[in-house]
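Take a look at the structure below.
The values are calculated or read from the model by the stated rules, or taken from the named source; none is laboratory data. Please read all numbers here as calculations on a predicted model, not as lab measurements. Cβ coordinates were reconstructed from backbone atoms using ideal geometry, including for glycine residues, and neighbour counts include every protein chain displayed. The protein model used for the area step is the full one, side chains on, heavy atoms only, and it has no ligands, DNA or RNA in it. Shrake-Rupley method; radii C 1.70, N 1.55, O 1.52, S 1.80 Å.
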Amino acid sequence: SYAFSYLFYDCQVLIAAPSLPAKTLAYSCYSHMFDGCISLATAPALPATTLTDYCYAYMFWGCWVMQAAPTLPATTLASYCYEYMFVACRAITTAPALPATKLSTGCYKNMFGGCTALKSAPALPATTMVHECYAYMFYSCSTLTSASALPATTLSTYCYRSMYDGCSALANLPKLPAISLQTGCYNFMFYG
């Protein structure tokens with residue numbers, strides 16, 4: 001747990017990351033690892049398929065010049081595993097594929113918040129939502145023009161809360177096929 005947490009925190013001249021070959025992660029092991037590394041140009045490969053709670057949380061917060069997000073192959077997610085992972089990564093134009101079909105509490109919460117160059121949202125194939133799973137996911141992605149399809153028919157509390165809040169360029173909205181709603185499930189979803 002916390003193995004590499006905050007390891008390179010605020011290393012503002014760091015331009016390259018070390019290799020991170022682990023396939024199985026521990027609790028919060030990479031959280032905040034490159035937080036504040038404003039010169040980091042390229043993310044390391046992240047091959048892990050077995051995740052744990054908070055494992056990637058805040059990992060690249062504020063990596064302003066990083067243009068591409070790493071591949072994220074996991075199909076079963078852990079609670080808050082990607083929370084705030086790419087917040088304020090202002091140069092990322094394309095999100096990685098997100099193949100997960102089994103979600104967990106807050107797994108994508110604010111993952112791309114403030115990614116102001118992000119043009120399109122990735123496919124989100126999961127059909128069963130959990131508490132806050134997509135909350136704030138694309139918060140303030142001000143150049144995002146189209147939303148992901150949202151095929152879920154089983155919703156949960158606050159699952160889509162503020163998902164596209166502040167996405168002022170959003171022109172195409174997804175269909176919302178669910179007929180059984182839960183508390184706050186669409187709360188502020190398209191605010192602004």
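Rolling a 1.4 angstrom probe over the protein heavy atoms, how many square angstrom per residue are accessible across the stretch 1-106? Before the final figure, lay out the partial values.
Working: 4630 Å² over 106 residues.
Using a 1.4 Å probe on heavy atoms only, each residue of the stretch 1-106 averages 44 Å².
Given the stretch 126-192 reduced to its alpha-carbon atoms as identical point scatterers, what log10 I(q)/I(0) does the Debye formula return at q = 0.17 Å⁻¹? Those come out to -0.52, one per q.
If exposed trypsin sites (Lys or Arg not before Pro) are those in a DSSP loop with at most 12 other Cβ within 10 Å, what is the longest stretch of the chain that has none?
Values: sites that count: Lys23, Lys175.
Within the chain, the longest run free of exposed trypsin sites (Lys or Arg not before Pro) spans 24-174.
For the stretch 73-174, what's the relative contact order in percent, using C-alpha pairs closer than 8 Å and at least 6 residues apart?
Values: 310 pairs, mean separation 25.8, N = 102.
Relative contact order here is 25 percent.
If a spin label sat at a point 7 angstrom from the Cα of Trp64 along the line to its beta carbon, the backbone N atoms of the stretch 27-50 nearer than 12 Å would be those of 36-40.
Each 5 Å bin from zero up to the one holding the largest Cα-Cα distance in the stretch 85-149 carries the following percent of pairs: 4, 19, 31, 26, 14, 6, 0. Taking amide hydrogens as placed 1.01 Å from N in the peptide plane, the amide H of Thr50 sits under 5 Å from those of Leu25, each at least 5 positions away in sequence or on another chain. For the chain, the fraction of 1.4 Å probe accessible surface lying on carbon and sulfur atoms is 57 percent.
For the stretch 50-90, the Cα gyration tensor yields ellipsoid semi-axes of 20, 11, 6 Å (square root of five times each eigenvalue, largest first, whole Å). Ellipsoid semi-axes for the chain, based on the Cα gyration tensor and the rule √(5λ), read 27, 19, 13 Å when sorted largest first.
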